[in-house]
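Working notes, structure below.
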Amino acid sequence: MTDFINPYTFLPISDDKPARENLVRGKLTGKITCTLTIEKPTFIPNTSGQFTFTSDGKTCKAEEFFSYDDLSNQTGSLPDQAPTEPRIPGSEIRGMIRNVYEQLTNSCLSVIDRKNLTHMRTTLPKKPALWDMKENKLYSCEKALLYTHKGREVDKTEDDTEVRFYSKDELKHGKFFSTSKVYIQTQKKKNKDGKTGSVNVVIDMKKEEKDGYEEGYLLIGEKFSDRKKYDGVFYKQGQELCSLNDGDIERFEFLLNTYLKNAKPEKESMGHSDYVNSYYAIKNQVREEKAASLLPVYYTTVNNNCYLSPACITREVFHHTISDILREGHEVHQPCDGENDEWCPACRLFGKIGQDGKGKALASRLRFCDSDVIQNPTFENPTILPILGTPHYSATEFYLREPDGKNARIWNYDYYISGQANDGVKDSDRKEWIPKLAGRKVYWHGQDRPDEEKEKLNMTSKVRCLEGGSCQFDIYYEDLTDDELEWLIICLELEENARHRIGRGKPFGMGVVKIKVDGVKVLKYYLDNGEIKREKSSKSISVSDEKKKALASISAYMTPLTEEEKRIVAYPKIDDNSEGFSWFSKNKTQMNKPYIKEVLAPYPQKGTIKGKE
């Protein structure tokens, strides 16, 4: 593996609870005027227009830098001329400053969607089962292999005949389809040594009931490659395994919808659409109290949670959401909901909207204005950004802290697996736990943007980046306390060598800006002979040692890396020619004996550290 520093790191979440309190309005109202200077190529899109760019027969979208220009009537390629009056939108500045304010004041993690279900692909095979959808009970069963592809070596049954092969036309386009009831005859399959093994294979399958045939349910998976030789028939319903609750079913339906969303018809991966359609048809039958059928499904159970899937090797959708983890594992750092009208410091100042339009909301006491027109703007020629896909929550070796003292070799959002790395996985190895997040995600101040990426144009875009220039912007504040105003000024100016990041391309060193506070004005209203008058005065802000100490805690990621460090800032790769996702695949080794080799080093360290061997 090549040396690398991951573009992002995680600020640890404090062990202290956020100081959620009732809103107390202060006496300070006025305006802060700031100057923002562009130091590295920056891109913020003008969403009023969408353009395209084509190269070597491949097309991607192209986007113009933000301004008040209405581009909705323009089509085709980007305009020849850059916008003459570019600006920085106040919403971008607001989000950038709130992020820092939350870090410094130990506030909630406000951007987490409490309904966001965590999920990741697992290499551990699941077991076959039959689901009685009327009673919502899961039953054990046996699985017989149904051969759907002839490999180079012809497999034989115990009586020395070739295993029966069913073509795609017989299944996908014929009378058999995924989840349909069938009647089968089975035999044991011979192993390569010529001895009879323990695996049952289908030697004949009928749609209608027939003497000597056993009732079963067909489960046809997706075609991924010619290495996949068979699907399965689930039969011989056995003992009750568990009762399914609403959470189990909700997570299963989320997984089905994820399959459909990621379907790739050009690769015959149709998102298990046959299976999904049958599932919802059976569900409707149950709802209308009509005769219902059993549903073939794969499962794993850990304590009271059951993980269902239409595939043996698949994704798992977890019980714990990120918001649950913040509540239970991180001293209630989940987004504020206004319970008892109590809010964290950032929500009290910046405000909070209700979740999904529901729940309590709190008005902001700050108004960030769009910047004035950027003075002396310099633009780069339009360029294609590198692919900005990043590791997702499924990268548990980065997003979750390794379980302390648990002898864990792999872990996710609901459970960890204990034992030695060279052992297989037993049900008893799965241990339920409340995980801890690695922290608040932030980006190192690393490399400048690398050369433009011309491959996979559909995953990126061509943009016109602002390379230099400066502008002023105003923040109007109302009813602030001295403490709140002081924190706000600190979050704007930072330390001398520290910088903010704004817009796209943060993994590649883009969007570096410097903010300088030019002045703080305070408005005072008073009565003069029965007439209300307003007085405007300047206010000087002094920073306490306590707040300076808090600022130092984030300075490591907000100041530039060394030149040697900048050179190796990149998402992890096995080598210079491999794709990033391959490193994550290799880092979770083996299908039946998984373990994580390396984990992300804790902030302020850089790179990775050895995991469990």
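Observations on the structure shown:
- Virtual spin-label span in nm between residue 542 and residue 590, 7 Å along Cα→Cβ: 6.4 nm
- Listed residue (508, 262, 422) projecting farthest to the positive dipole end of the chain, Cβ model: 422
- Share of carbon and sulfur in the accessible heavy-atom surface of the chain [1.4 Å probe, %]: 45 percent
- Between the residues 351, 334, 299, the greatest Cα displacement towards the positive end of the dipole of segment 281-363, with unit charges on the Cβ of Lys, Arg, Asp and Glu, is found for 299.
- Rg/Rh for segment 309-376 (Cα atoms only, Rh after Kirkwood) is 1.22.
- Cα pair count fraction exceeding 18 Å, expressed as % - segment 251-330: 54 percent
- Values of log10 I(q)/I(0), in the order q = 0.15, 0.17, 0.25, 0.27 Å⁻¹, for segment 506-584 under a Debye, Cα-only, solvent-free model: -0.85, -0.95, -1.22, -1.26
- The value obtained for segment 399-524, namely the Cα convex hull volume divided by the number of residues, is 253 Å³ per residue.
- Net charge dipole size for segment 50-176 [Lys, Arg +1 and Asp, Glu -1 on Cβ; Debye, nearest 20]: 600 debye
- Only alpha carbons enter this Debye calculation for segment 50-190, each as an equal point scatterer, and the log10 of I(q)/I(0) it gives at q = 0.09, 0.12, 0.20 Å⁻¹ is -0.76, -0.85, -1.35.
- Calculated FRET efficiency for the pair residue 375/residue 77, C-beta based, R₀ 22 Å, to 0.05: 0.20
- Projected label distance in nm at residue 304 and residue 407, using a 7 Å step from Cα toward the beta-carbon: 2.7 nm
- Centre-to-centre, using Cα atoms only, segment 286-337 and segment 372-428 are separated by 21 Å.
- Those aspartates and glutamates that a straight Cα-Cα span of less than 16 Å connects to residue 588, excepting residues fewer than 8 apart in one chain: 316, 397, 402, 423, 579, 598, 613
- Length available on full extension from residue 553 to residue 188: 0.36 nm per residue minus the Cα-Cα distance, which gives 125.0 nm.
- Diffusion coefficient of segment 158-208 by Stokes-Einstein, Kirkwood radius over Cα pairs, 25 °C, 0.890 mPa s: 200 µm²/s.
- Kirkwood hydrodynamic radius computed over segment 1-115 comes to 19.1 Å, based on all pairs of distinct alpha carbons.
- Full extension of the segment from residue 441 to residue 210, taken as 0.36 nm per residue of separation minus the current Cα-Cα distance, would add 77.1 nm.
- Cα centroids of segment 484-498 and segment 57-115: 23 Å apart.
- Links that overshoot a 30 Å alpha carbon limit, given the list 195/593; 566/597; 539/566: 539/566
- About its Cα centre, the dipole of segment 287-345 is roughly 580 debye, where the only charges are +1 on Lys and Arg Cβ and -1 on Asp and Glu Cβ.
- Across segment 456-613, the fraction of Cα-Cα pairs farther apart than 27 Å, rounded to a whole number, is 52%.
- Shape analysis of segment 183-255 yields a ratio of the Cα radius of gyration to the Kirkwood radius, Rg/Rh, of 1.06.
- Projecting the Cα atoms of 542, 200, 599 onto the dipole axis of the chain, where Lys and Arg carry +1 and Asp and Glu carry -1 at the beta carbon, places 200 farthest toward the positive end.
- For the chain, the fraction of alpha-carbon pairs lying more than 49 Å apart is 25 percent, rounded to a whole number.
- Based on Cα atoms of segment 19-78, Rg over Rh with Rh as the Kirkwood radius reads 1.28.
- Rounded to 10°, Cα long-axis angle of helix 90-104 versus longest principal axis of the chain: 80 degrees
- Segment 1-122, accessible area per residue, ligands and nucleic acids excluded (1.4 Å, Å²): 48 Å²
- Environment charge of residue 558, counting only residues whose C-beta is closer than 9 Å and scoring Lys/Arg +1, Asp/Glu -1: +1
- Debye, to nearest 20: dipole size of the chain, +1 on Lys, Arg Cβ, -1 on Asp, Glu Cβ: 860 debye
- In terms of distances greater than 21 angstrom between alpha carbons, the cross-link table entries 573/610; 261/462; 143/188; 156/207; 137/175 yield 261/462; 156/207; 137/175.
The values are calculated or read from the model by the stated rules, or taken from the named source; none is laboratory data. Remember, predicted model here, so these are calculated numbers, not experimental data. When we count neighbours, we look across all protein chains shown, and the Cβ atoms used for this are built from the backbone with ideal geometry, even at glycine. Quick note on the areas: whole protein, heavy atoms, side chains included, nothing else; ligands and nucleic acids left out. Shrake-Rupley method; radii C 1.70, N 1.55, O 1.52, S 1.80 Å.
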